[in-house]
Amino acid sequence: MFAAVYIMTDGPNGTLYVGVTTDLARRVSQHRAGEIVGFTKRYDLKQLVYFEPHEDINAAIHREKRLKKWPRAWKVRLITRENPEWRDLYHDLFR
């Protein structure tokens, strides 16, 4: 099992959400289905545009906290560097 830090959005110029989980496929499925009450449901964030795996949940939590403090422009650059077209990476999790 690995942990992951991930970013959800509703589009390239939309709202960003940074989260952490130990089951990325399940968590993103829950966001997409609107099962998680809170920020992602309120803003209809269903596209997974970035994730990074971590072997240790504590390292993932630390990284998530750091990313949440980043200015939006830095997060956008991070996403664009790894996913220039801002593709929804959800289906890539099952390959």
### Protection proxy ranking, peptides 21-30, 65-74, average beta carbon neighbours within 10 Å, highest first
21-30, 65-74
### Relative contact order for segment 3-94, counting Cα pairs under 8 Å that sit 6 or more residues apart, in percent
35
### Message
Can you compute the charge dipole magnitude of the chain about its Cα centre, using +1 on each Lys and Arg Cβ and -1 on each Asp and Glu Cβ, nothing else charged? Give it in debye, rounded to the nearest 20.
### Response
380
### Query
What is the chain by shape, rounded, prolate or oblate, if you read a ≥ b ≥ c off the alpha carbon gyration tensor as root eigenvalues and call it rounded for a/c under 1.5, prolate for a/b larger than b/c, and oblate otherwise?
rounded
#### Entry: Signed unit charges on C-beta, dipole axis of the chain, positive-most listed residue ILE36, ALA3, VAL76
VAL76
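Coordinate-derived values only; no laboratory data. These numbers were taken from a predicted model, which means no experiment stands behind them. Reconstructed Cβ throughout: ideal geometry from the backbone, glycine too, with neighbour counts over all protein chains shown.
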